């Protein structure tokens, strides 16, 4: 799948602004971004719901609009919400969709895998948010697609079910299905995705594996807690030892935090300082950059995660 | 190795899709209490009420009341299902993203429409069975022109379904609900569906150009053994105009 220079506008607002990204087959690719970044618009263009204002989208080598008939059986779509008749029951909804496909997944098995038997006969409108999400995912998978688009697959699910869904998505990849997901949960992208695309204001701001994105950070954080209060002048001495590149912050009488270049010499300095001042660390923790830090650094916004 | 989710994409044959869609929509339509009221209960109440009531208040037609009213109520049933029920159901399908979701299932628009029409015919068949039985119970003695009744059913459904979809594709779901019910009530009372156009005096001629009047007149003629060409042409005209407008204005989301 590829998106090349996609521009999408709503009125005079530009939702997607020259976005270019690729999705490798048989991988899980996460599209991350704050609300309004253009994630859903991009997905919906790939699904053939919208016509690109500029640029081009190819899905499985096909044009989502021109080659619609050929493409539709090959993709599975999970919408962010809705998509079922309000009085339809999960079992009959899945049976119905399965009849539209040539080689569907057996409905009973799909319901097993997504714990849908508990609500097999409950009308859609009375399902919990998590149950609706699971049904939506099942609906995307029932036709045995090559590529699935899942928009916020685990929003509103409890942790246990979320893990079940993660395992299922991993199984899809192992079965040769390509998964494209948008998510608000950075943890989800970090755990599942082979590749992460971070988009902001309709543009791609970073791409890579979670490891590539979290590596190569400029700043490491070390938090030090002592068994006894700092001797007078000791924090200042440490700051002097570390040099101006490292920022030292005293948090309380026994703990401090260092932010500075991520290298081993910082630890050596801290360790020598402890020896010199006869203090013993109760704990010494190294902050690892996670996707959340990367995300915040790149999008510069916190409120929307 | 093949697992549960190994890709094996493919669309089902068109006929199976249409059948599945029709079965699903018919089931949902009959499950809904209000729709069942509209489809069966109101027409039966109208029929029984009119036949029994006219005896009491002394209204009389040229033919026995039940022979005039039963075809009218059959026409009403066609209108309620293909216009009101369809419009409301489709309005909420838009609202709840059902049409959007089906848009990415391997179901063509033609198959979706075919399924909807199939569901309408299934429900109408049921309505005809119930209303016909009640009519016969009340002493209805028609001389049915089978081709005429089938063409009336077909073209009446086409005309009202096109108008119902026109409404549902343009308005919000709640507005569709209100408008579809209001139009139904107005046409039931004053659209020459249940009562013959002749009962409306001078206005009657105008009403036979409305889809409701044409449907009612066609059904009455067909149940009296005539092939109502003129009314069928009017219905075909409404079906054509409605379809063109709907195709131009229908919004899927």
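Which count do you get for residues in the range A:1-31 that are at pLDDT below 90 and within 17 Å of the chain's Cα centre (by Cα)?
0
Can you tell me which residue among B:57, B:41 is modelled with pLDDT under 90 and either more than 11 Å from chain A (Cβ to nearest Cβ) or within 26 Å of the chain's Cα centre (by Cα) (or both)?
B:57
Run residue B:60 past the list (1) in a helix (DSSP H, G or I); (2) surrounded by fewer than 24 Cβ atoms within 10 Å (Cβ to Cβ); (3) free of Cβ contacts under 8 Å to residues at least 60 places away in the same chain and report the number of the one that doesn't hold.
With respect to (1) in a helix (DSSP H, G or I); (2) surrounded by fewer than 24 Cβ atoms within 10 Å (Cβ to Cβ); (3) free of Cβ contacts under 8 Å to residues at least 60 places away in the same chain, residue B:60 is out only on (1).
Please verify whether residue B:50 is away from chain A (no Cβ under 14 Å), under 28 Å from residue B:136 (Cβ atoms) and in a helix (DSSP H, G or I), treating the condition exactly as stated.
Considered against the rule, which asks whether it is away from chain A (no Cβ under 14 Å), under 28 Å from residue B:136 (Cβ atoms) and in a helix (DSSP H, G or I), residue B:50 comes out as yes.
Tell me yes or no: at least one residue of the range B:24-32 is at pLDDT 95 or above, part of a helix (DSSP H, G or I) and touching a strand residue (DSSP E or B) at 6+ places or on another chain (Cβ under 8 Å).
No, the conditions are met nowhere in the range B:24-32.
Here is a list: B:18, B:46. Which entry is crowded, with 16+ Cβ neighbours inside 10 Å, modelled with pLDDT of 95 or more and in contact with a helix residue (DSSP H, G or I) (Cβ under 6 Å, 6 or more places away or on another chain)?
Sole residue among the options that is crowded, with 16+ Cβ neighbours inside 10 Å, modelled with pLDDT of 95 or more and in contact with a helix residue (DSSP H, G or I) (Cβ under 6 Å, 6 or more places away or on another chain): B:18.
Test residue B:37 against the criterion of being touching a residue at least 24 places away in the same chain (Cβ under 8 Å) and on the phi < 0 side of the Ramachandran plot, and give yes or no.
Here the answer is no, as residue B:37 does not meet what is asked.
For every residue, the table says whether it meets (1) buried (at least 21 other Cβ atoms within 10 Å of the Cβ); (2) over 30 Å from residue B:150 (Cα atoms); (3) in contact with a strand residue (DSSP E or B) (Cβ under 9 Å, 6 or more places away or on another chain).
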{"residue": "B:85", "(1), (2), (3)": "yes, no, no"}
{"residue": "B:92", "(1), (2), (3)": "no, no, no"}
{"residue": "B:98", "(1), (2), (3)": "yes, yes, no"}
{"residue": "B:104", "(1), (2), (3)": "yes, yes, yes"}
{"residue": "B:109", "(1), (2), (3)": "no, no, no"}
{"residue": "B:115", "(1), (2), (3)": "yes, no, no"}
{"residue": "B:118", "(1), (2), (3)": "no, no, no"}
{"residue": "B:122", "(1), (2), (3)": "no, no, no"}
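The values are calculated or read from the model by the stated rules, or taken from the named source; none is laboratory data. Owing to the predicted nature of the structure, the values given are computational and were not obtained by experimental measurement. Quick reminder, even Gly has a Cβ in these numbers, built from the backbone with ideal geometry, and neighbours come from all protein chains shown.
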